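Enquirer: Okay, here's the structure, questions in a sec.
The values are calculated or read from the model by the stated rules, or taken from the named source; none is laboratory data. Not measured: the values here are computed from a predicted model. Note that each Cβ is placed from the backbone with ideal geometry, even for glycine, and that neighbours are counted across all protein chains shown.
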Amino acid sequence: MLAQRGIGVVYGGGRVGLMGVLADAARAAGGEVIGVIPQSLAEREVAHSGLSQLHVVDTMHDRKALMAELSAGFIALPGGFGTLEEFCEVITWSQLGIHAKPCGVLNVAGYFDKLIGMFDYAVERGFISDANREIVLESNRPDELIERMLKLTEVGLR
């Protein structure tokens, strides 16, 4: 769907797991896929060799900074601690005004229900403002999430 819409993918550069599958599907559909991987992971032979571009960087911090620079928005797919850490970081950067790029979760099969519930609970308890809660877009439909993110990008909002 991204490739069909002319939207490229920037991700962590691995060839395994869900993101490896996404990268392969986007490339197979003719899409641009840019990977950013730290040298230590590339050396373990996890780097994807079939990408449009692969940037090998020194550290995880360098990886996240370059991925953020290259990206027009951020979508979290089901994943583990790394996914959660990176997504919360880009939300925080938006909250702090470091970027104004849309941030969304693709809530496949309710995977993010508890995380979204935690965000709402933090609003109820006064730790996250309503305005900052609105940073996180969510949908269980990729087309809907992409449309919402594109609309925000067009009007220059987060």
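Enquirer: Just wondering, is there one or more residues in segment 93-101 that are β-branched (Val, Ile, Thr), surrounded by 12 or more Cβ atoms within 10 Å (Cβ to Cβ) and touching a residue at least 24 places away in the same chain (Cβ under 8 Å)?
Expert: Within segment 93-101, the first condition is being β-branched (Val, Ile, Thr), and the residues that meet it are 98.
Checking which are surrounded by 12 or more Cβ atoms within 10 Å (Cβ to Cβ) leaves us with 98.
Retained after the next criterion (residues that are touching a residue at least 24 places away in the same chain (Cβ under 8 Å)): none.
There is no residue in segment 93-101 that is β-branched (Val, Ile, Thr), surrounded by 12 or more Cβ atoms within 10 Å (Cβ to Cβ) and touching a residue at least 24 places away in the same chain (Cβ under 8 Å).
Enquirer: One residue is enough: does segment 50-66 have a residue meeting the conditions over 15 Å from Val36 (Cβ atoms), surrounded by 15 or more Cβ atoms within 10 Å (Cβ to Cβ) and free of Cβ contacts under 8 Å to residues at least 40 places away in the same chain?
Expert: No; the residues of segment 50-66 include none that is over 15 Å from Val36 (Cβ atoms), surrounded by 15 or more Cβ atoms within 10 Å (Cβ to Cβ) and free of Cβ contacts under 8 Å to residues at least 40 places away in the same chain.
Enquirer: Can you name the condition, by its number, that Thr153 falls short on among (1) of a type outside the set (Asp, Glu); (2) exposed (fewer than 12 other Cβ atoms within 10 Å of the Cβ); (3) touching a residue at least 24 places away in the same chain (Cβ under 8 Å)?
Expert: (2)
Enquirer: Hey, another quick one. Within segment 23-61, track down each residue that is under 16 Å from the mean Cα position of the chain (by Cα) and either at pLDDT below 95 or more than 22 Å from Gln4 (Cα to Cα) (or both). Talk me through it step by step, then tell me what you get.
Expert: First, pick out the residues of segment 23-61 that are under 16 Å from the mean Cα position of the chain (by Cα): 23, 26, 32-37, 60-61.
Selection gives Val36, Ile37, Met60, His61.
Enquirer: Another question, then. Please find, among Gly126, Gly79, the residue that is touching a helix residue (DSSP H, G or I) at 6+ places or on another chain (Cβ under 9 Å) and over 23 Å from Lys151 (Cα atoms).
Expert: Working: Gly126 fails: touching a helix residue (DSSP H, G or I) at 6+ places or on another chain (Cβ under 9 Å).
Testing whether each residue is touching a helix residue (DSSP H, G or I) at 6+ places or on another chain (Cβ under 9 Å) and over 23 Å from Lys151 (Cα atoms) leaves just Gly79.
Enquirer: Also, I was wondering about something else. Scan segment 31-38 and tell me whether some residue there is exposed (fewer than 14 other Cβ atoms within 10 Å of the Cβ) and either touching a Ser or Thr at 6+ places or on another chain (Cβ under 7 Å) or free of Cβ contacts under 8 Å to residues at least 12 places away in the same chain (or both). Lay out the reasoning, then the answer.
Expert: Step one: of segment 31-38, the residues exposed (fewer than 14 other Cβ atoms within 10 Å of the Cβ) are none.
Within segment 31-38, none of the residues are exposed (fewer than 14 other Cβ atoms within 10 Å of the Cβ) and either touching a Ser or Thr at 6+ places or on another chain (Cβ under 7 Å) or free of Cβ contacts under 8 Å to residues at least 12 places away in the same chain (or both).
Enquirer: Still on this structure, please answer the following. So for segment 103-110 (the condition being within 17 Å of the chain's Cα centre (by Cα) and among the small types (Gly, Ala, Ser)), does at least one residue qualify? Write out each step before concluding.
Expert: Initial filter on segment 103-110 (within 17 Å of the chain's Cα centre (by Cα)): 103-108.
In the following step, the residues that additionally are among the small types (Gly, Ala, Ser) were identified as 104.
Yes, the conditions are met somewhere in segment 103-110.
Enquirer: Out of Gly31, Gly6, I need the residue that is within 21 Å of Glu144 (Cα to Cα) and in contact with a strand residue (DSSP E or B) (Cβ under 9 Å, 6 or more places away or on another chain). Which one?
Expert: Numbers: Gly6 fails: in contact with a strand residue (DSSP E or B) (Cβ under 9 Å, 6 or more places away or on another chain).
None of the other options fit; the residue is Gly31.
Enquirer: Here's something else I'd like to know. Name the residues in segment 19-53 that are acidic (Asp, Glu), farther than 18 Å from Ser71 by Cβ and part of a loop (DSSP other than H, G, I, E, B), would you? Can you show your working first?
Expert: Of segment 19-53, the ones acidic (Asp, Glu) are 24, 32, 43, 45.
Remaining after also requiring farther than 18 Å from Ser71 by Cβ: 24, 43, 45.
Within segment 19-53, Glu45 is the sole residue that qualifies.
Enquirer: I'm trying to understand the selection: among the residues of segment 130-146, which are surrounded by 12 or more Cβ atoms within 10 Å (Cβ to Cβ) and farther than 30 Å from Gly8 by Cα?
Expert: Listed by number, the list is empty, since nothing qualifies.
Enquirer: Still on this model: If the requirement is being part of a loop (DSSP other than H, G, I, E, B) and within 13 Å of the chain's Cα centre (by Cα), which of these qualifies: Ala100, Ala72, Ala68? Spell out how you get there, then give the answer.
Expert: Working: Ala100 fails: within 13 Å of the chain's Cα centre (by Cα); Ala68 fails: part of a loop (DSSP other than H, G, I, E, B).
The match here is Ala72.
Enquirer: Quickly run through segment 102-138 and pick out the residues that are touching a residue at least 12 places away in the same chain (Cβ under 8 Å) and of a type in the set (A, V, I, L, M, F, W, C).
Expert: Cys103, Val105, Leu106, Val108, Ala109, Phe112, Leu115, Ile116, Phe119, Ile135, Val136, Leu137, listed by residue number.
Enquirer: For segment 119-158, how many residues meet the condition of being more than 15 Å from the chain's Cα centre (by Cα), at negative phi, at pLDDT below 95 and not in a helix (DSSP H, G or I)?
Expert: Final tally of qualifying residues: 1.
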